[in-house]
Amino acid sequence: MSVLFRDVRLLDPATSRDERVDVLIERGKIARAGVGAGQGLVHGAPGTDGEPLQVIEGNGRWLCPGFVDLHAHLREPGEEHKEDVQSGLLAAVAGGFVDVCVMPNTKPVNDTRAITEMLVGRAKDIGLARLHPIGAITKGLEGKELTEVSDLREAGARALSDDGHCVTNSMVMRRALQYARTFDVPVIQHCEDHALTAGADMHEGAVSTRLGLRGWPREAEDVIVARDLVLAEGAGARYHVAHLSTRGAARMVEEGKQRGIRVTAEVTPHHLLLTDENVLGYDTACKVNPPLREAEDVAALRRALATGVIDAIATDHAPHALGDKHCEFSAARPGMIGLELCLAVLLDLVRKGEVPLFRLLSALTVGPAKIVGLDAPRVAEGARADLVLIDPDASWVIERATLRSKSTNTPFLGRTVQGAIDVTMVHGRIVHNRKTGKELP
Amino acid sequence: MAFRHLLGIADLSAEDAVRILDTAQSLEGERKAVSLRGKTVVNLFFEASTRTRTSFEIAGKRLSADVINVSSSGSSVTKGETLLDTTRNLDAMHADVVVVRHSSSGAPHFVAKHTRGAVVNAGDGTHEHPTQALLDAYTIRKHKGRIAGLTVAIVGDIAHSHVARSNAHLLNKLGAHVRWCAPATLLPARAAEMGVQICTSLDQALDGADVIMMLRVQRERLVDVLIPSTREYSRTFGLSLKALARAPKDAIVMHPGPMNRGVEIDDAVADGPCSVILEQVETGVLVRMAVLQMVAS
């Protein structure tokens, strides 16, 4: 398939190139990207490689590298009523993601080569976005015995995490960092001292006191980040903070980077946009783990994203069935979906001038790709054609009916957003087209 | 009627609160009114609270309502029915008023969203217990003739108390000065933002207090590493006659029950001349009659 994006605003975070050009895709790669690169080329006519050409009129829409998500729960195997690889990857490409790293807290847990290979195979058969399994740090996520890291890595695991559970035992965490270092695999920590969060339902603060909900204090995240930085420094390991949510953790990651510790961090769209006040009224859609924090945390996270202290935006896409949310607050499962809505809800931060556009795009592309060792996403001649075409002005309403995910647990339902993923291309193939719903421009 | 449900004091206006108290006062001595004849009141109790349930039951019956008690033991709840299904079933049976007691904060709000009937919160987790605060206010008003300008000291396990929260909201709305007194481990996060004065000593709390409200300290709190022993708690925050002597002579002593005698309150105080604890129970029926009548109409 040959595709010409005519008259697009090329935005390449790797090089900061920002130019209105034509971009020609042939044999899965970017053949040409420049002013007038598509001159004389006509839709349906044979392209330069002889195949019929699809022309997409950009009219100044943005063309960027496809996004990379470090943190998604696709629920397969085990909870396919919430999501499966197919529906999850459909949601992913609708949100502009071409690479999706999936957390191992499935049923059974992905702590073996067999599950890792199964997931990779399923995604290959489906052929939408690429899927990269994250293997468990410890068997069964129990925090006791290490998994077979070398075996997992050979099977396709890009990182290790016990997400949903924190490796709280310092000896186990130290060994995990040392062992992962041997194979140069990053360790992703869900930073939560469970002794400080037993029974917790939301952020501990004035709102939790008012609502009478058990609080999840910032300290529970901060003590783990502090300890892990010490351990990571000693082990020389690559350490990654999942869904960073507190101002204190942001400060410690910044200090850790300054000291030369190999630390990286991700933040979710919801921790950048919402606060504990959104829980008022007992809105279970806003129950997430870690919880929504306060305005001062949100401000610190936005700053950390803008300055590069935070490397990546990760969705923590966590689909849940209606019954898991349609209940009393303490019984509700934590998490919200995010793959399809990520860019659309975040562009507001760019419009408000809080996060520079290139920083946002970097955190969705080159930032996360580097952490898990994927080829650097870029829009440049010769590069693999993994691209998204964004209409920054398209205004639309987030509605249950139009979500591709099997689950609809998001507090953003009903919200009008500005900015849409019009086309997603993986390896030269159009896998999402908002306007037609088909693989055609 | 400015309120359809009574889910908490936080969302109740001072005017409506006073209207409830005045209505309760007008019902004094009433043994069998007919205002709720033909109405169905369901007491939906997911956690045991005999005093509150009985109080609501008597209140409903004194107004001629048909009162049905549903408790979590002996209902489909123990068979795993969800709160949503339980609520929908009660709604299908046209309950006019659903009185909800639940260990989960916010559960009555959830029930209110899924039923056409009026919902009265009879205590949800560590959130609110609005009728308790209203009956406390009624008792205070009766004894002191007013609420505005009074100093009320609430002492005990504030962190886990829906009574402390509802009382702070209501007494603040009615112009009283509220103190919360407990060791820091038994205070909720950012307690001062509830508009109360925080006292870390009983002396400080009792100084000039017109009303002393003691809260139960549960023995489970030892396991949660919140207090070292009930002995130490009793010595530092318990209300003994000696401690009470530091309060003004005309101070009244309240307790929402059930009491841990010898822990947060001594027998001599609980049964002494300053105690209005049994009056609170009596008042509870009146206030609940007023609330049921107002939400059912």
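Derivation of every value follows stated rules applied to the coordinates shown; laboratory data play no part. Small disclaimer: the values here were computed from a predicted structure and weren't measured. Every residue, glycine as well, gets a Cβ built from its backbone with ideal geometry; the counts of neighbours run over all protein chains shown.
Projecting the Cα atoms of A:GLY234, A:MET1, A:ALA136 onto the charge dipole of chain A, computed from C-beta unit charges around the Cα centre, puts A:MET1 farthest toward the positive end. Taken over the range A:83-226, the convex hull of the Cα atoms encloses 134 Å³ per residue. Answer rounded, prolate or oblate for the range B:130-277, using the Cα gyration tensor with square roots of eigenvalues a ≥ b ≥ c: rounded when a/c is under 1.5, else prolate when a/b is larger than b/c, else oblate. Oblate is the answer for the range B:130-277, as a/c is 1.5 or above yet b/c matches or exceeds a/b.
Of all DSSP beta bridges confined to chain B, the antiparallel ones make up roughly 5%. Based on Cα contacts under 8 Å between residues 6+ apart, the range B:171-241 shows a relative contact order of 27 percent. Determine the shape class of the range A:65-371: with a ≥ b ≥ c the square roots of the Cα gyration tensor eigenvalues, call it rounded for a/c under 1.5, and otherwise prolate if a/b is greater than b/c, oblate otherwise. Rounded shape, in that the Cα axes give a/c under 1.5. Compared with the dominant Cα axis of chain A, that is its longest principal axis, helix A:295-307 is turned about 50°. Pairs over the 21 Å Cα-Cα cut-off, from the set A:LYS139/A:LYS406; A:LYS325/B:LYS113; A:LYS82/A:LYS435: A:LYS139/A:LYS406; A:LYS82/A:LYS435.
Measuring from each cysteine beta-carbon in chain B, the ones with no other cysteine beta-carbon under 4.7 angstrom are B:CYS274. Note on A:318-326: average number of Cβ atoms from other chains within 10 Å of each residue's Cβ is 1.
Centre-to-centre separation between the Cα atoms of the range A:1-73 and those of the range A:287-347: 32 Å. Scalar couplings 3J(HN,Hα) for the range B:104-113, obtained by applying the Karplus form with A = 6.51, B = -1.76, C = 1.60 to θ = phi - 60°, are 9, 4, x, 4, x, 5, 5, 4, 4, 6 Hz; x denotes Gly and Pro.
Of the residues A:LEU41, A:PHE329, B:GLY262, the one whose Cα sits farthest toward the positive end of the charge dipole of the protein assembly as shown, with +1 on the Cβ of Lys and Arg and -1 on the Cβ of Asp and Glu, is B:GLY262. Where both partners of a DSSP beta bridge lie in chain A, what percent of those bridges are antiparallel, to the nearest 5? For chain A, the DSSP antiparallel bridge percentage is about 50. Can you list residues whose amide H is under 5 Å from A:HIS203's amide H, if they're 5+ apart or on another chain and H is modeled 1.01 Å from N? Result for A:HIS203 returns A:TRP216, A:LEU292. Within the same chain, lysines fewer than 8 places from A:LYS144 are excluded, and of the rest, those with a Cα less than 26 Å from its Cα are A:LYS107. In chain A, Cα pairs under 8 Å separated by at least six residues give a relative contact order of 19 percent. Peptide A:209-219 has a mean shielding of 6, counted as Cβ atoms of other protein chains within 10 Å of each residue's Cβ. What nm distance separates the two modelled labels at B:LYS32 and B:GLN197, each placed 7 Å from Cα along Cα→Cβ? Spacing of the two 7 Å Cα→Cβ label points: 5.0 nm. Taking trypsin sites (Lys or Arg not before Pro) across the range B:107-201, the ones in a DSSP loop with at most 11 further Cβ atoms lying within 10 angstrom of their Cβ are B:ARG116.
Calculated FRET efficiency, A:THR416 and A:THR307, Cβ-Cβ r, R0 30 Å, to nearest 0.05? In this case the efficiency is close to 0.50. Applying the Karplus relation 6.51 cos²θ - 1.76 cosθ + 1.60 with θ = phi - 60° to the range A:404-421 yields 3J(HN,Hα) values of 7, 4, 5, 10, 10, 6, 8, x, 7, 4, x, 7, 8, 10, 10, x, 9, 7 Hz, where x marks Gly and Pro. Per-residue mean of foreign Cβ neighbours for B:124-132 is 3 (Cβ atoms of other chains, 10 Å radius). In the protein assembly as shown, if the dipole is taken from +1 on Lys/Arg beta carbons and -1 on Asp/Glu beta carbons about the Cα centre, which of A:TRP62, B:PRO130, B:ALA184 is farthest to the positive end? Farthest towards the positive end: B:PRO130. Placing unit charges on the Cβ atoms only, positive for Lys and Arg and negative for Asp and Glu, gives the protein assembly as shown a dipole magnitude near 800 debye about its Cα centre. With a Cα cut-off of under 20 Å and a minimum spacing of 8 residues unless on different chains, the lysine pairs in the range B:130-277 number 4. Relative contact order of the range B:130-277, taken over Cα pairs closer than 8 Å and 6 or more residues apart, is 23 percent. Rounded to the nearest 20 debye, the dipole size of the range A:13-153 about its Cα centre is 200 debye, using +1 on the Cβ of Lys and Arg and -1 on the Cβ of Asp and Glu. Anisotropy class assigned to the protein assembly as shown is prolate, per the alpha carbon gyration tensor with a/c at or over the 1.5 cut-off and a/b larger than b/c.
On the basis of the beta-carbon distance and an R0 of 22 Å, B:MET259 and B:HIS143 show a calculated FRET efficiency of 0.70. Taking the number of Cβ atoms within 10 Å of each Cβ as an exposure proxy, the fewest-first ranking of A:TRP396, B:TRP180, A:TRP216, A:TRP62 is A:TRP396, A:TRP62, A:TRP216, B:TRP180. Ignoring lysines fewer than eight residues from A:LYS257 along the same chain, the ones with Cα atoms less than 27 angstrom from its Cα are A:LYS370.
Of all DSSP beta bridges located in the range B:104-235, what percent are antiparallel, nearest 5? Looking only at bridges with both residues in the range B:104-235, the antiparallel portion is about 10 percent. Compared with the dominant Cα axis of chain B, that is its longest principal axis, helix B:277-296 is turned about 30°. Computed from Cα atoms, the angle from the helix B:50-62 axis to the main principal axis of chain B rounds to 50 degrees. The residues neighbouring A:PRO377, those whose beta-carbon lies less than 14 Å from its own, together hold a net charge of 0 under the Lys/Arg +1, Asp/Glu -1 convention. Working note: 222 nm ellipticity from helices only, DSSP H runs with n ≥ 4, each -39,500 (n - 2.57), summed and divided by the residues of chain A, gives -8500 deg cm²/dmol to the nearest 500.
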